[in-house]
1. How high is the relative contact order of the range 98-162, in percent, with contacts defined as C-alpha pairs under 8 Å that are six or more residues apart?
2. Give me the one-decimal nm value for the distance between modelled label points at Val32 and Asn147, 7 Å along each residue's Cα-to-Cβ direction.
3. Say R0 is 45 Å: what FRET efficiency, to the nearest 0.05, do Val172 and Ser49 get from their beta-carbon distance?
4. Remind me, relative contact order of the range 201-314 in percent, using alpha carbon pairs under 8 angstrom and six or more residues apart?
5. Pull out a ≥ b ≥ c, the square roots of the eigenvalues of the alpha-carbon gyration tensor of the range 1-136, then state rounded if a/c is under 1.5, prolate if not and a/b is larger than b/c, and oblate in the remaining case.
6. Could you tell me which trypsin sites (Lys or Arg not before Pro) in the range 136-179 are loop residues by DSSP with no more than 15 other beta carbons within 10 angstrom of their beta carbon?
7. I'd like the orientation of helix 303-313 relative to the chain: the angle between its Cα long axis and the longest Cα principal axis, in ° from 0 to 90, rounded to 10.
8. Kirkwood hydrodynamic radius (Cα pairs, Å) of the range 128-297?
Amino acid sequence: MAQVYLAVDLGGTRIRAARCRAEGTIEARTEVFTQADQGVEAVIARIESAVRSMWPTTSDTTAAIGLVAPGPIDPWTGVILTAPNLPGMVNLPLRDRLGDIFNVPVFIGNDANLAGLAEWRFGAARGYTDMVYLTVSTGIGGGVVSNGRLLLGSRGLAAELGHITIDRTDGVCNCGNVGCLEWLASGTAIVRQIVERLRDGEPSRIADLVHGDLDALNVEVVAQAALQGDAVATAVLNKSLRALGLGVTSLLHMFNPSIVVIGGGVSNLGARLFDSVRATVKQHVMDPRYICPIVPAHLSGDVGLLGALALALDPPPQRQA
Ligand SMILES: [Zn+2]
């Protein structure tokens, strides 16, 4: 008889669930559409059914369920405070709801934080005691491991690394703050700046690459245009990657990590991104002793499930309010 862990990745589009072993292997998985527009109870029913379909049918027992969800979560009570892309999920005690159904320990955490925990436990930062993780995608999220523990902060809201201010003279971010790293360097930010420049009439071949359909524009197309020497693509990428490099520099000063891991779709820019970030860090860091490896994430599509597994294996110690 062995113990298995059930992992759930609750996203705005899909619910993924998997049966995992403690060493990080996924032995079965399932995936359904979230269909958040059908309401919270329907989403919980789909999570329940996905978890049930992963329940071990052999003599193995389920040790715990881990679940990652977007947005701020109280990691000690397992209450989802709000969840972008999941309308109606406000102050939802999802941990207790699932605990009542399945009668095993349930742990819930923020998806970006736990993606970081997954990279630390199973991926690019394995063996390091201090890590900063950034996911650069439609938004920018983060996770910090300090002295071998995931940093949660006083209310479990720590490591919103996408919302450090880089340029207070720039625009207002989705979060309400100004000139955030996410506002300047996310995939959405790169595309937004390209569209602005094209609408201003700057000459570029980008519109041709998407056959005039600017809705089809993405970071891959921008990267392709930059490779072909397009001035608009090059200028926007330079600006965004410089913002990212300045953000990482601040994170080195704040957390003094021994490794920085960058994942998310924008990290597929590869050397274009990593060389630029390393160069900006080298130029601006206050002391060369802060410099550490800045590397791509390893876990790609399974990072959410492995984050949920990592949480279930090593939940935060309970504490008094
Ligand atoms: Zn922000």
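1. About 26 percent, as a whole number.
2. Taking the simple label geometry, Val32 and Asn147 are separated by 4.4 nm.
3. 0.65
4. 24 percent
5. Judged from the Cα gyration tensor, the range 1-136 comes out oblate (a/c at least 1.5, b/c at or above a/b).
6. Loop-located and lightly packed - Arg155, Arg168.
7. The answer is roughly 40 degrees.
8. 16.5 Å
Read-outs: derived from the displayed coordinates by stated rules, not from any lab. Computed from a prediction, not measured in an experiment: that's the story for all the values here. FYI the Cβ positions are ideal-geometry reconstructions off the backbone, even for glycines, and counts take in every protein chain you see.
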